[in-house]
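Let me begin by presenting the structure, written as structure tokens, before commenting on it.
The values are calculated or read from the model by the stated rules, or taken from the named source; none is laboratory data. Here the structure is a predicted model, which is why all the values come from computation and not from measurement. We place every Cβ from the backbone using ideal geometry, glycine too, and count neighbours over all the protein chains shown.
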Amino acid sequence: MKTFTWITLIHDTDPVELGPTTRHVLFTIGHYMDATGGSCYPTIKTIARASGLCERAVKKHIKIAKDAGWVKSHQHGFAGQKWRNNAYEATAPDCTKPDQLDQPRCDELSAPDSPGTRKGGARCAREVVHGVPPTYPLELPKKDILSETSSDDVPKARKKRNEYPAKFDDTWNAYPTDQNMSKAEAFGLWKRLDDEDRDKVLASIPAFNAYCRAHPDYRPIHFCRYIKFRRFDGFAEKANVQLVTDMRPEKWRSRLMLARKDRQWSTAEWGPAPGIDGCLVPPELLQPTDGDGWIEWKAH
């Protein structure tokens, strides 16, 4: 079937029978056909790029067109070549009479004696199709071929962001999190806690942060493990302890010298003693026996 006749038949088909996106794919394929409706070997990728559709949409609508009888395809290649492309051939549904396919078809499209008309005022479909002269390859107005988009190209709705209670947000923002920690997963564990434990988690974080600052080589435990294994209990007990404000090494040396001499430690002033979770003393300043047998500081 001649390409021009094929395109004209597609134009004249009821949109209910042949959807706009399928038409668009067929018109794109027709751009690569010769005048006889053959010698057409574009790849799916080529058709997708030329039509502006995605490859999945192109495959879908080629199948629709083939099932409806508007195009045929078969594998094509040359001897000695490993590659194979689909070769497309223009055809028409069985309901179209074969003897009428390549005959001039005229529609009452214009008034008598207007340019491009035959006797009696009928303009031939071979002469003008939607106001386009019969040049080859046939170029169709963009408004005709791009007026519809594939359902595959409909933008997906944005995923709604999770919303969390204000108390959990405060807890999450206070904890030294990193990109490997899941806020949603942590929330799932946090909401299983009762109100008292939730308060303890939040109250424990300042002491835990101080511990992390004092031990820069320590990587903060995952927040989920901090909750699941109740690591917050130990730090919550120290929540009311006055945090050390002077963290200079020389200050710690002075405190340790006094503590070793008296074997006493002031938790209220210096935080947890050596050997106890949450100790703020830099590890490099500690000795193996520091904290052993030490008692709470007593005024002399």
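Just give me the residues in region 64-82 being exposed (fewer than 14 other Cβ atoms within 10 Å of the Cβ) and either in contact with an Asp or Glu (Cβ under 7 Å, 6 or more places away or on another chain) or at pLDDT 75 or above (or both), in sequence order. I'd like the intermediate steps shown before the answer.
Pass one, region 64-82, residues exposed (fewer than 14 other Cβ atoms within 10 Å of the Cβ): 67, 69, 74-75, 77-82.
Answer for region 64-82, where residues must be exposed (fewer than 14 other Cβ atoms within 10 Å of the Cβ) and either in contact with an Asp or Glu (Cβ under 7 Å, 6 or more places away or on another chain) or at pLDDT 75 or above (or both): 67, 69, 74, 75.
Has region 244-257 got any residue that is modelled with pLDDT under 75, outside any strand (DSSP E or B) and surrounded by 11 or more Cβ atoms within 10 Å (Cβ to Cβ)? Even if it seems obvious, please write down each step before you answer.
Let us first name the residues in region 244-257 that are modelled with pLDDT under 75, namely 244-246.
This time we only want the ones that are outside any strand (DSSP E or B), so: 244-246.
Narrowing further to those that are surrounded by 11 or more Cβ atoms within 10 Å (Cβ to Cβ): 244.
Yes, the conditions are met somewhere in region 244-257.
Could you check how many residues of region 165-179 are under 27 Å from the mean Cα position of the chain (by Cα) and farther than 16 Å from residue 197 by Cα?
4
List pairs: first in region 216-230 and within 17 Å of residue 183 (Cα to Cα), second at pLDDT 90 or above and in a loop (DSSP other than H, G, I, E, B), Cβ under 6 Å, 6+ apart or cross-chain?
220/176; 222/181; 223/175; 223/181
Quick grid of which residues meet (1) in contact (Cβ under 8 Å) with a residue 60 or more places away in the chain; (2) in contact with a helix residue (DSSP H, G or I) (Cβ under 7 Å, 6 or more places away or on another chain); (3) within 15 Å of residue 91 (Cβ to Cβ); (4) in a helix (DSSP H, G or I):
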| residue | (1), (2), (3), (4) |
| --- | --- |
| 5 | yes, no, yes, yes |
| 21 | yes, yes, no, yes |
| 29 | no, yes, yes, yes |
| 47 | no, yes, no, yes |
| 57 | yes, yes, no, yes |
| 62 | no, yes, yes, yes |
| 67 | no, no, yes, yes |
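Out of region 30-45, which residues are farther than 16 Å from residue 75 by Cβ and either crowded, with 21+ Cβ neighbours inside 10 Å or modelled with pLDDT of 90 or more (or both)?
Here is the first cut: in region 30-45, the residues farther than 16 Å from residue 75 by Cβ are 30-37, 45.
Answer for region 30-45, where residues must be farther than 16 Å from residue 75 by Cβ and either crowded, with 21+ Cβ neighbours inside 10 Å or modelled with pLDDT of 90 or more (or both): 30, 33, 37, 45.
In region 213-230, what count of residues is obtained for those that are more than 35 Å from the chain's Cα centre (by Cα), not aliphatic (A, V, I, L, M) and not in a loop (DSSP other than H, G, I, E, B)?
Going through region 213-230 one residue at a time, the tally reaches 1.
Every residue in region 7-19 that is assigned to a loop (DSSP other than H, G, I, E, B) and under 16 Å from residue 66 (Cβ atoms), please. Spell out the reasoning first.
Within region 7-19, the first condition is being assigned to a loop (DSSP other than H, G, I, E, B), and the residues that meet it are 13-19.
Within region 7-19, 13, 17, 18, 19 meet the criteria.
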